[in-house]
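The values are calculated or read from the model by the stated rules, or taken from the named source; none is laboratory data. The structure displayed is predicted, hence computed values, not measured ones. Ideal geometry is used to build each Cβ from the backbone, glycine not excepted, and the neighbour counts take in all protein chains shown. These area figures cover heavy atoms from the full protein model, side chains too; ligands, DNA and RNA do not enter into them. Shrake-Rupley method; radii C 1.70, N 1.55, O 1.52, S 1.80 Å.
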Amino acid sequence: MPELPEVEITARRLHAALAGATIESALAPGLNALKTFDPPLGAVEGHTLDAVRRRGKHLIVDVAGGLSLLMHLMSAGRLQLFDKRASVRDRSSRLLVRVDGERELRLREFGTRQAAWVKVLATEALGDDDALVALGPEAWPDPPPLRELLAGAGARPLHAVLRDQRVIAGIGRSWVDEILWSAMLSPFKRADDLEDEEADRLREAVVGRLGGAIEHYEATVKLPIPDKMPLPLQVHRHQGEPCPRCGTTIEAVHYESYVMCYCPTDQTGGRVLKDRRLSRLLK
Ligand SMILES: [Zn+2]
């Protein structure tokens, strides 16, 4: 989180509000988030903000004069637009872009980790940046046929391959659970072992669930962009609750930093997968 749908609605809302605005100043408090130094962040000052757009889970702010800000919100960042300027003591601020009308575009990050980042790059060289050059095709709105695409990713489980941004861009830990549940496929099915019919079902689930989330956000998400997005999740983080389709209890596998959820009846032939956290505790 945030994944493709959350980044897409962020880009749409910010683009509508900011395209054509003049950038008065740009600051990276603490400098930790800024990953480039040439050109300096100040080079965007005085220029018009042309566009806010998305590539994979990245946000791109294009500035007149040929520069772009490339950002990754990582797991706990938000890009928000406020009518008032932040207190310099707001410790969640990673980037402050002040635009005309007293407004402020703010990259904020919640929690203790500082992982979100920003790069200042020439717009024409964006595609060569390490973060973008290796990205696979967009998962939404029109990904390529998945059987061939996933077969090239080797003998790894679907749950891992669909989150591999080099294979397909935009899906993370929340939406992968939803997509696999919608497609009625096991998270541990090998990605290079899909029948045509399964691959078609999976592609339909990818497009349908990501698109459905964006539609939901179009109706619910407003500026300044909420700290907590209203994710329309049915399975992810719903372990212990009944499956919305068949009523079976949703099961979970806990990993160090996230949880994978699935319906045993719909996805794993009734089998409950071993929960590593639980088995570690029982040793
Ligand atoms: Zn079910």
(request) Pop out the ³J(HN,Hα) list for the range 233-241 in order, Karplus 6.51 cos²θ - 1.76 cosθ + 1.60 with θ = phi - 60°, rounded to Hz; leave Gly and Pro as x. (result) 8, 10, 10, 4, 6, 10, 4, x, 9
(message) Run through the range 33-130 and list the GluC sites (Glu not before Pro) located in a DSSP loop whose Cβ has at most 16 other Cβ atoms within 10 Å.
(response) 45, 102
(request) Please give every one of the lysines within straight-line cross-link reach of residue 189, meaning a C-alpha to C-alpha distance under 21 Å, and leave out same-chain neighbours fewer than 8 residues apart. (result) 274
(message) Could you sort the peptides 176-188, 231-243, 71-83 by per-residue average Cβ neighbour count (10 Å cutoff), highest mean leading?
(response) 176-188, 71-83, 231-243
(message) Given points 7 Å out from each Cα along the Cα-Cβ axis, report the residue 75 to residue 216 separation in nanometres with one decimal.
(response) 2.1 nm
(request) Could you list the trypsin sites (Lys or Arg not before Pro) in the range 141-198 that lie in coil according to DSSP, counting only those with at most 13 other Cβ atoms within 10 Å of their Cβ? (result) 166
(request) Provide the per residue accessible area, probe 1.4 Å, for the chain, rounded to a whole number of square angstrom. (result) 47 Å²
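Cβ under 13 Å from residue 190's Cβ, residue 190 left aside: what net charge do those residues give with Lys, Arg +1 and Asp, Glu -1?
That works out to -1.
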(request) Give, as ranges by residue number, the residues of the range 92-108 whose backbone N falls under 17 Å from the point 7 Å along Cα→Cβ of residue 47. (result) 96-100, 105
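Ignoring ligands, DNA and RNA, please state the percent of accessible area on the chain from carbon and sulfur, probe 1.4 Å. Provide the component values of the computation, followed by the final result.
On the way: 6700 of 13210 Å².
Reported share for carbon and sulfur atoms: 51 percent.
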(request) Restrict the search to the range 203-283; then list the GluC sites (Glu not before Pro) that DSSP places in a loop and that have at most 15 other Cβ atoms within 10 Å of their Cβ. (result) 256
(request) Quote the FRET efficiency, to the nearest 0.05, computed for residue 64 versus residue 204 with a Förster distance R0 of 51 Å and r equal to the Cβ-Cβ distance. (result) 0.80
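Would you mind computing the Rg to Rh ratio of the chain from its alpha-carbon coordinates, Kirkwood style for Rh?
Radius of gyration over Kirkwood radius for the chain works out to 1.01.
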(request) Using 0.36 nm per residue of separation minus the Cα-Cα distance, give me the extension gain between residue 36 and residue 245 in nm, one decimal. (result) 70.5 nm
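Give, as a single signed number, the net charge of other residues whose beta carbon lies under 11 Å from the beta carbon of residue 243, with Lys and Arg counted +1 and Asp and Glu -1.
That sum, taken over residues with Cβ under 11 Å, equals -2.
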(request) Among DSSP beta bridges whose residues both lie in the chain, state the antiparallel percentage, nearest 5. (result) 95 percent
(request) Check the straight Cα-Cα distances from residue 84 and name the lysines below 30 Å, setting aside those fewer than 8 residues away within the same chain. (result) 35, 57, 119, 222, 228
(message) Restricting to DSSP H runs of at least four residues, report the calculated mean residue ellipticity at 222 nm for the chain, -39500 (n - 2.57) per run over all residues, nearest 500 deg cm²/dmol.
(response) -7500 deg cm²/dmol
(request) Determine which residues of the range 158-183 fall in the zone a paramagnetic label at residue 273 would reach in this model, i.e. backbone nitrogen under 16 Å from the point 7 Å along Cα→Cβ. (result) 158-164, 172-183
(message) Which one, 217, 269, 17, projects farthest toward the positive side of the charge dipole computed for the chain from Cβ point charges (K/R +1, D/E -1)?
(response) 269
(message) For the range 5-144, what are Rg and Dmax over the alpha carbons, in angstrom?
(response) 14.2, 46
(request) Within the set of other residues whose C-beta is less than 10 Å from the C-beta of residue 155, count the net charge using Lys and Arg as +1 and Asp and Glu as -1. (result) 0
(message) Run the simple label-point estimate for residue 155 and residue 110 please: 7 Å along Cα→C-beta, distance reported in nm.
(response) 4.2 nm
